[in-house]
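Input: a single structure, listed below in structure tokens.
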Amino acid sequence: MSQYFHSIRIDAEKCNGRMKCLRVCPTQAIRVKGGKAAIIEEKCIDCGECITVCPHNAILPLTDPFGELSKFRHTIALPSPALYAQFGREILPEKILSGIKKLGFDDAFDLALTCGEVSFAIQEYLREYKGPRPLISNACPAVVRLVQVKYPELIDQIIPVEPPRELAAREIKKKKSKQLKLDEKDIGTFYLTPCPVKMISIKQPAEKGKSYLDGAISISDIYGPLLSALEGTEKGSYRKALENICILGVGWAMDGGICRTLRLKNSLAVSGLADILKVFDDIERGNLRNIDFIEAYSCRQGCVGGSLTVENVYISYNKILKLIETLEYEQIKACPDIREVRKLYGQKYFFIKGKFEPRPLTPLDKDLAKAIKKRKEKEEIFESLPKIDCGACGAPTCIAFAEDVVRGDAELTDCIFNLPQKFKELSQEFSELLEEPALHSHTKSGAKKISKKGKAKK
Amino acid sequence: MMSSENEFSQRFEITGGDFSNAGRTSTSIKEILKEIGIDSSIIIRASIASYEAEMNVVMYAQRGVLTLNITPEKLHLRLEDEGSGIENIGLAMQEGFSTATDEMREMGFGAGMGLPNIKKNADKFEISSTPGKGTSLDIIFCLNKTERK
């Protein structure tokens, strides 16, 4: 039945129908029916907003358990740069990577360097691109999915460069299989993810290709064990550890980080889906044509604000910011060689295999005339509703409810404001029925009348 | 407002000078077109045209009404505004001509592309204006595949 893979699951036993998720969903993809929340797959973009607000922890991100590691002969962890923001100032990437190896991974790979390469590749793409602007970063899979579902017209403005996690997994598999004389499928690459969306981008890439990653483990799951593994590690030189950090790459952890570290002039950074919707509406109207590049993250402040992180988002955001400032101040340039990147860029090394395709929502009807008629009905139903968006019907807003009714997914009487009216009509019909002479034939036709009328009212 | 069965109409009121709500009408129109399942290339053109028309009211008129009318054959946007009107339509239709103030230009408007842009995106475009009274625009998109631009 399900055409789309989603990384979010609702545990019906835990769900108490509190409707927090209903109100927070940016694409109105949740309905509460019979006291239980359910996701409309077509509309869900896996942003994870519902996971964060659920008071019963009934909405679960589908990440991989640690046990998955045993399926492979060689395992490599690729932590999101957001992981680096989860620890204190003294614990720098070098140390974190060595800590990860103690947890059972054969290797840990610093994605920041690949992020740096991709930053340069984006710069190259911006330079040679001639189509409508602004171009949109594909770092956040929720943003890519939002464009596919809600802004299909902007699909060609998403930069078709592989995100760092994919690129790194692709290259590392090649390299390790040669080095260790193993088959590529025996090498497991695991992304340490700050959010559930990256999981679907692995199970079902937006461009319909195949992911080079084999799984994702949430930062919140790995945080505790990692913290204990880090205990007692030797305190190395701070300055020396700094020298290995790619400033371009660290920027990927926070909103605005790519723009800032690349020093892009006509760029814009936006985070949080509510603000993204506003900005994308503007792009669609052709209002932001003078902007070259948009960095957008569904989580506030970027990946450091992911729902599977541990540290307070403002603290981790600030940590990354301070790290960038320190690297800028110390003029540390542990970045990839731009000439090398240009060479690889020319060889199409950075581009995604497939193509981003739009995923527009199903219209009210396939037939244009019928769709127009249904849209009119929707408006008429909406006019009859109380317009207070109480959510008691299970839909997030009155207008969404009107649409559900027109699509046949809800009944008008699901609206509690329609119930008294319904009772009134029914009781009137009953009293009329009682007043009629109690002849056998009449009772029969009377009963028929009710069911007919009742149906017509729907 | 709503006449025949296969016809959908909706009226949107636009207030002159209300920059904080500017763009709402064209966003609502876009949503309606998507729900009905209008071809996405037409949605892009109609969104741009309705936004330019809306912004013309916000910038130059006191108030205006944009009426959306959809039948299986065509999509019709009619805009009627009360305002200063246009003295010389020929001039207003030229790319680059604008009477926008410096403030408007600072906000990124007033490049003199509004009306020409509407005309460029529409399949049929008509404009009439009475100086001192107001302007009306008829912007039409053919939904019938053969008649399309």
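Laboratory data are not the source of any read-out in this text; all were calculated from the coordinates shown. From a predicted model like this one, the values you see are computed outputs, not experimental measurements. Note: ideal-geometry Cβ built from the backbone for every residue, glycine included; neighbour counts use all protein chains shown.
Taking a span of 20 Å or more along the helix axis (Cα atoms) and a mean Kyte-Doolittle hydropathy of at least -1.0 as the rule, the DSSP H helices of chain B that qualify are B:40-60. Entry note, the protein assembly as shown: the mean residue ellipticity at 222 nm calculated from DSSP H runs of n ≥ 4, each adding -39500 (n - 2.57), is -12500 deg cm²/dmol after division by the residues and rounding to the nearest 500. Residue exposure proxy: A:C50, A:C303, B:C142, ordered by other Cβ atoms within 10 angstrom of their Cβ from fewest to most, comes out as B:C142, A:C50, A:C303. Each of A:S80, A:C115, A:F351 was scored by the projection of its Cα onto the charge dipole of chain A, and the greatest displacement toward the positive side belongs to A:F351; charges sit on the C-beta of Lys, Arg, Asp and Glu. Dipole orientation for the protein assembly as shown: of the candidates B:F12, B:T135, A:Q157, A:Q157 has the Cα lying most toward the positive pole (charges on Cβ; Lys, Arg +1; Asp, Glu -1). Computed over segment A:8-61, the Cα gyration tensor eigenvalues convert (square root of 5λ each) into semi-axes of 15, 12, 10 Å, ordered from largest to smallest.
Provide the packing ranking of A:411-420, A:250-259, A:158-167, i.e. peptides ordered by the mean count of other C-beta atoms within 10 Å per residue, highest first.
Those peptides, ordered most packed to least, come out A:250-259, A:158-167, A:411-420.
Backbone phi angles across segment A:418-433, fed through the Karplus curve with coefficients 6.51, -1.76 and 1.60 (θ = phi - 60°), yield HN-Hα couplings of 8, 5, x, 4, 5, 4, 4, 4, 5, 5, 5, 4, 5, 5, 4, 4 Hz in residue order; Gly and Pro are listed as x. Note on B:S40, A:S218: ascending count of other Cβ atoms within 10 Å places them as B:S40, A:S218, the fewest first.
Altogether, the Stokes-Einstein calculation at 25 °C and 0.890 mPa s, with the Kirkwood radius of chain A over Cα pairs as Rh, returns a diffusion coefficient of 100 µm²/s. For segment A:98-153, a simple Cβ point-charge model (Lys and Arg +1, Asp and Glu -1, everything else neutral) yields a dipole of about 280 debye relative to the Cα centre.
A simple rule links phi to the HN-Hα coupling: the Karplus curve 6.51 cos²θ - 1.76 cosθ + 1.60 with θ = phi - 60°, which for segment A:330-339 gives 7, 6, 8, 10, 8, 10, x, 6, 5, 5 Hz, with x for Gly and Pro. Reducing segment A:309-370 and segment B:45-79 to their Cα centroids gives an inter-centroid distance of 37 Å.
Inter-chain neighbour count for B:4-10: the average number of beta-carbon atoms from partner chains within 10 Å of each residue's beta-carbon is 5. Checking the cross-link pairs A:K14/A:K71; A:K278/B:K30; A:K150/A:K370; A:K178/A:K203; A:K130/A:K348 against a 24 Å limit on the alpha carbon distance flags A:K14/A:K71; A:K178/A:K203 as lying beyond it.
Cross-link pairs exceeding 20 Å between alpha carbons, from the set A:K95/A:K185; A:K95/A:K210; B:K34/B:K74; A:K376/B:K74: A:K95/A:K185; A:K95/A:K210. When +1 charges are put on Lys and Arg Cβ atoms and -1 charges on Asp and Glu Cβ atoms, the dipole computed for segment A:8-61 relative to its Cα centre reaches about 260 debye. Can you tell me how segment A:292-400 classifies by the Cα gyration tensor, rounded, prolate or oblate, using a/c under 1.5 as the rounded cut? Taking the square roots of the gyration eigenvalues as a ≥ b ≥ c, segment A:292-400 is oblate.
Taking square-rooted eigenvalues a ≥ b ≥ c of the alpha carbon gyration tensor, is segment A:1-135 rounded, prolate or oblate, where a/c under 1.5 means rounded and, failing that, a/b exceeding b/c means prolate? Kindly include the intermediate steps, with their values, before the conclusion.
Values: a/c = 2.18, a/b = 1.35, b/c = 1.62.
Judged from the Cα gyration tensor, segment A:1-135 comes out oblate (a/c at least 1.5, b/c at or above a/b).
Under 5 Å from the amide H of A:L192 lie the amide H atoms of A:L78, A:S80, A:I217, each residue being 5 or more positions distant or on a separate chain, with H modelled from the backbone and absent for Pro and chain starts.
Remark: mean inter-chain Cβ contacts per residue of B:25-38 equal 5, using a 10 Å Cβ-Cβ cutoff to other protein chain atoms.
Remark: B:T25, B:T67 ranked as B:T67, B:T25, counting other beta-carbon atoms within 10 Å and listing the fewest first. In a reduced charge model with +1 at each Lys and Arg Cβ and -1 at each Asp and Glu Cβ, segment A:191-271 shows a dipole moment near 380 debye about its Cα centre. Toward the positive end of the charge dipole of segment A:66-346, with +1 on the Cβ of Lys and Arg and -1 on the Cβ of Asp and Glu, the farthest Cα among A:L167, A:I245, A:T233 is that of A:L167. Evaluating 6.51 cos²θ - 1.76 cosθ + 1.60 at θ = phi - 60° for every residue in segment A:249-262, the Karplus couplings come out as x, 4, x, 5, 6, 10, 5, x, x, 5, 4, 5, 6, 8 Hz, glycine and proline recorded as x.
Remark: mean inter-chain Cβ contacts per residue of A:278-291 equal 4, using a 10 Å Cβ-Cβ cutoff to other protein chain atoms.
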